[in-house]
Amino acid sequence: MKVTLLGTGTSFPDPERVQSGVMIESDGSYILIDIGSGVLHRLTQTDVDLTSLEGVFISHFHIDHWSDFMTLLQTLWLGGFERNLPVYAPPVIKEWMRGLFEVAVPFYRDKILIEPHALAEMDAVQCGSFTVSTCPTIHSDHDSRAFKVEKDGKTVVVTSDTGFSRDVIELARDVNLLIHECNWLDGPHPEGVHTSPSELMQVVEQSKPMKVVLTHMMPDVVRNKEKVISIIKRRTNSEVIMGEDLMQIDV
C-alpha cells in the first residue's frame, strides 16, 4: 500500500497545510479517509486517476473532515465517473445526505450515485481490495471513527480526531503505520477532544506501531516539531515523524 497525506492541518488556517485527508492506494485503486477543505486540490497534485476511487470514509461530520465532498462529486461527474460511490461514515450519514441532496444541492443528487453505509462503533467492511475496520474515537460529543486499513498483510490506522482512547490503542496494536492526530501542545485543554504529545506518547508506548506519523496539527505544534517528537519518542522504539501535505509513505 502507498499512503499519501493529503491534508495535515486543522480548521485553523495554515498556508502550508490544508484540512484532513488521507489517500491509501494499491494496485491502481484507492480510498479516501476524510476530505476536508483543500483535499481535492491536493488530489489534483498527485498522479492518481480520480475515476479509480473505490470509496470515501468520513470519520465524523465536523466540516473540516468533509467540506470538499461535494466538489469531489462534481469533479467525478465532469470526469466521467460511471460507478456507484460507496461512502462510509457514522450513522448520521443518512441525515447528512438528505441535507445535502434534498436541501442544499439537489442538482447533484443523480449526477453520481452514492451508496451510503452507516458504520457501527466496531465494524468491518470490504471496499474494493481493502478491508477496513473501525472503532469509536473520543471527540467531545461527536460520534466519530478511527479506521484500520488492511491489505496483503499490511496495516494502517488513521485515527482522525480523538482524545486519548483505549479503543484506538487496541485498533493500532502492532500496525505497520499509525497516523495519529496531535492537535495541540501539552497544557490545559478540554478533556476528551484532541491528543497532546504526552498523551500520544502513551498511545504509542502501548500500541507499539512500527511507524507513527503526526497529523491534524495546530501551527504551534508544527513550530515545536523537535520538542513534540522527543516527547512522543520518550518510551518507544517506534519511528515518529511529523506529517506534511503530500508526504507519501510506502507500507
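Every number here is computed from the coordinates shown, using simple stated rules; none is lab data. Worth saying up front: this structure is predicted, and the values here are computed from it rather than measured. Don't worry about glycine lacking a Cβ; one is built from the backbone with ideal geometry, like all the others, and counts go over all protein chains shown.
For segment 43-71, which positions are over 17 Å from GLY28 (Cβ atoms), out of contact with any Ser or Thr (no Cβ under 9 Å at 6 or more places or on another chain) and in contact (Cβ under 8 Å) with a residue 40 or more places away in the chain?
GLN45
Quick test for you: out of HIS60, HIS117, HIS65, pick the one residue that is over 20 Å from LEU5 (Cβ atoms) and touching a strand residue (DSSP E or B) at 6+ places or on another chain (Cβ under 6 Å).
Details: HIS60 fails: over 20 Å from LEU5 (Cβ atoms); HIS65 fails: over 20 Å from LEU5 (Cβ atoms).
Answer to the selection: HIS117.
Which of the residues belonging to segment 102-131 are of a type in the set (D, E, K, R) and exposed (fewer than 13 other Cβ atoms within 10 Å of the Cβ)?
Let us first name the residues in segment 102-131 that are of a type in the set (D, E, K, R), namely 102, 109-111, 115, 121, 123.
Once the filter is applied, which keeps residues that are of a type in the set (D, E, K, R) and exposed (fewer than 13 other Cβ atoms within 10 Å of the Cβ), segment 102-131 yields GLU102, ASP110, GLU115.
Among (1) of a type in the set (S, T, N, Q); (2) farther than 24 Å from SER37 by Cβ; (3) under 15 Å from the mean Cα position of the chain (by Cα), there is one condition SER129 misses while meeting the rest; what is its number?
So the condition that SER129 fails would be (3).
Looking at segment 34-52, is at least one residue among the β-branched types (Val, Ile, Thr), closer than 23 Å to LYS154 by Cα and crowded, with 21+ Cβ neighbours inside 10 Å? Walk me through it before giving the result.
If we filter segment 34-52 for residues that are among the β-branched types (Val, Ile, Thr), which is where we start, we get 35, 39, 44, 46, 48, 51.
The next check asks that each one be closer than 23 Å to LYS154 by Cα; those that pass are 46, 48.
When the remaining residues are screened for being crowded, with 21+ Cβ neighbours inside 10 Å, the result is none.
Checking segment 34-52: not a single residue is among the β-branched types (Val, Ile, Thr), closer than 23 Å to LYS154 by Cα and crowded, with 21+ Cβ neighbours inside 10 Å.
Just one of the numbered conditions (1) under 17 Å from VAL222 (Cβ atoms); (2) acidic (Asp, Glu); (3) surrounded by fewer than 17 Cβ atoms within 10 Å (Cβ to Cβ) is not true of GLU170; which one?
(1)
What are the residues in segment 108-159 that are touching a Lys or Arg at 6+ places or on another chain (Cβ under 7 Å) and either without any contact (Cβ under 8 Å) to a residue 12 or more places away in the chain or among the small types (Gly, Ala, Ser) (or both), if any?
If the condition is that a residue be touching a Lys or Arg at 6+ places or on another chain (Cβ under 7 Å) and either without any contact (Cβ under 8 Å) to a residue 12 or more places away in the chain or among the small types (Gly, Ala, Ser) (or both), then ALA118, SER129, SER133 are the ones that fit.
So which of VAL193, VAL212, VAL203, VAL222 ends up being farther than 18 Å from ALA146 by Cβ and under 19 Å from the mean Cα position of the chain (by Cα)? Working first, answer last.
Details: VAL193 fails: farther than 18 Å from ALA146 by Cβ; VAL212 fails: farther than 18 Å from ALA146 by Cβ; VAL203 fails: farther than 18 Å from ALA146 by Cβ.
Just a single option satisfies the conditions, and that option is VAL222.
Could you please let me know if ILE231 is within 22 Å of ARG166 (Cβ to Cβ), crowded, with 17+ Cβ neighbours inside 10 Å and not hydroxyl-bearing (Ser, Thr, Tyr)?
Taking the combined requirement at face value, the residue satisfies it.
State all residues of segment 77-92 that are within 19 Å of ALA104 (Cα to Cα) and not in a strand (DSSP E or B); if no residue qualifies, say none. Before the answer, list the steps.
Here is the first cut: in segment 77-92, the residues within 19 Å of ALA104 (Cα to Cα) are 77, 87, 92.
Residues satisfying the conditions are TRP77, VAL92.
Determine which single condition GLY99 fails, assuming it passes every other condition in (1) among the small types (Gly, Ala, Ser); (2) surrounded by fewer than 20 Cβ atoms within 10 Å (Cβ to Cβ); (3) without any contact (Cβ under 8 Å) to a residue 60 or more places away in the chain; (4) under 21 Å from LEU246 (Cβ atoms).
Here GLY99 clears every test but (4).
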